[in-house]
Amino acid sequence: MKFNVDELLTKEAALALLYDRWNPEPETETVPLDEAVGRVLAQDQFARYTLPVVRAAMMDSIALRSADFSAGTPDTSGWKRGVEYERADMGDDFDDRYNAAIPVEQAVFQPDGTLRIAEGVMVKPGDGIRQAGTTVRAGELLLKKGCRLVPTDLCVLATGGILEIPVYRRPVVALIPTGSELIPLGEIPQRGQNIDSNSLMLKHMLLAMDAVPLCFPIVKDIPGQMADVLAEALQKADIVVVNAGSSKGEEDFSTRLLNSSGTLLFHGVRAVPGRPLSISLVGSTPVINLPGPPVAAFNAADWCLRAVVSRFLHSYSQRRPRAKAVLTAPLDGPLPLRFTSRMNVYRDGDSICATPISKEQSSTAENMATNGVYISPVGEGRLEKGQEIEVELIRSEDFL
């Protein structure tokens, strides 16, 4: 039995169908600032302190009185430290009798201990000084809720005196690999066997999404065994991912089981590779059935699972870096569908080029090792050699 393209949902419609029925309540927890990178902020954060508290030297300086320069550069031969001037390194506060600072490079300390300031130095009140609050002010909004924290955010929060922050709880995502042909990583495959490589890929995709993967051992294509594992996963996880068994083969039990266990929202999307994707709701838990082939599993997880995890975190889906590239060969797209094409992206002089890697004419390993993808809109059709497209980079642009 084949999928009827006219009955398939677009990615956007598929997610909207789920979101209409699944809107998880936010759950928060407090974590130390040092453990917060990658977490999603659950509340707006405001500075607790003002810095500088009063003022601070803008650079390694000599603090002095601007009034002494009212008639030009003064004779400093009799100046004494702590009376007419003081040393103030960058960030230091200093005595209130001094109201300005000059860079230490504009002065020379003589062997006899006296100070000589370069001729022509002019000083006004406030020169060389960072005033109170120029770093941060108490009550200032530092970061808004919903942002995914990066290392520079920790600097901002620490400067504002924040030691712990509220973040959204990470979803626990059960990952269930299925297939009688699968063997665990490390075993030597025999005839009719295949290594479960998807679990490792999906686990680390989940970690990068700020989810907590709960990895189950391989489930054989036995309906009763799959039902038991699914029941356990539903008790332990916020989201369940079943990998494989999503198509319509003789041993593709997963979708049939999910249809009988809960509400099958849809089966099949207008996106290839990865068309057999399905999502069900079992109670209040979304169960995503990803297709088994690695390229299709990656594509479906990349747009669907990423979006579902982001919804649980009440945040946004992270986008990969993108680049404009020139096609080095024609690219045929199935008109009724949105297609994802793996690309070898490279520099050729001042241009960035993209060579499509055919799923039919290349090995799975060659396909998955590419460094870019192109995702078409629905109905785009054929693209010609020499056309410019926007590619998403799997690796940094530095590797092109």
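For segment 231-254, does any single residue satisfy the condition of being assigned by TED's automatic domain parsing to the domain that holds E12, among the β-branched types (V, I, T) and without any contact (Cβ under 8 Å) to a residue 60 or more places away in the chain? So that I can check it myself, show each step before the final result.
Going through segment 231-254, the residues assigned by TED's automatic domain parsing to the domain that holds E12 turn out to be 231-254.
Among the residues that remain, those that are also among the β-branched types (V, I, T) are: 239-242.
Filter once more, so that each one left must be without any contact (Cβ under 8 Å) to a residue 60 or more places away in the chain: none.
No; the residues of segment 231-254 include none that is assigned by TED's automatic domain parsing to the domain that holds E12, among the β-branched types (V, I, T) and without any contact (Cβ under 8 Å) to a residue 60 or more places away in the chain.
The residue that is surrounded by the most Cβ atoms within 10 Å (Cβ to Cβ), counting only those in segment 151-189 that are at pLDDT 95 or above, closer than 27 Å to L305 by Cβ and aliphatic (A, V, I, L, M), is V173. Could you run through segment 271-329 and say how many residues are on the phi > 0 side of the Ramachandran plot and in contact with a helix residue (DSSP H, G or I) (Cβ under 6 Å, 6 or more places away or on another chain)? So the count comes out to 1. Filtered by the rule that a residue be among the charged types (D, E, K, R) and assigned to a loop (DSSP other than H, G, I, E, B), segment 332-380 gives D332, D350, K359, E360, E380. Residues being buried (at least 20 other Cβ atoms within 10 Å of the Cβ) and acidic (D, E) are entirely absent from segment 211-228. Candidates are the residues of segment 310-361 that are free of Cβ contacts under 8 Å to residues at least 40 places away in the same chain and surrounded by 16 or more Cβ atoms within 10 Å (Cβ to Cβ); the one that is nearest to Y19 (Cα to Cα) is S341.
The single residue among A233, A174 that is under 19 Å from A301 (Cα atoms) and out of contact with any helix residue (DSSP H, G or I) (no Cβ under 9 Å at 6 or more places or on another chain) turns out to be A233.
Of everything in segment 203-226, what is within 20 Å of L257 (Cβ to Cβ), assigned to a helix (DSSP H, G or I) and touching a helix residue (DSSP H, G or I) at 6+ places or on another chain (Cβ under 6 Å)? Give them in sequence order.
Keep residues of segment 203-226 that are within 20 Å of L257 (Cβ to Cβ), which gives 214-226.
Still in the running and assigned to a helix (DSSP H, G or I): 223-226.
Passing the criteria: only M226.
Restricting A118, A138, A132, A107 to those that are closer than 28 Å to S70 by Cα and in contact with a Ser or Thr (Cβ under 7 Å, 6 or more places away or on another chain) reduces the list to A132. Taking (1) in a strand (DSSP E or B); (2) over 27 Å from A14 (Cβ atoms) in turn, A329 satisfies each apart from (1). The strands (runs of 3 or more DSSP E) found wholly in segment 256-297 include none carrying at least 1 residues that are among the charged types (D, E, K, R) and either crowded, with 24+ Cβ neighbours inside 10 Å or free of Cβ contacts under 8 Å to residues at least 12 places away in the same chain (or both). Screening R116 against (1) among the basic types (K, R); (2) over 30 Å from V54 (Cα atoms); (3) modelled with pLDDT under 95 leaves a single unmet condition, (2).
The values are calculated or read from the model by the stated rules, or taken from the named source; none is laboratory data. All values derive from a computational prediction rather than experimental measurement. Note that we place each Cβ from the backbone using ideal geometry, even for glycine, and neighbour counts take in every protein chain shown.
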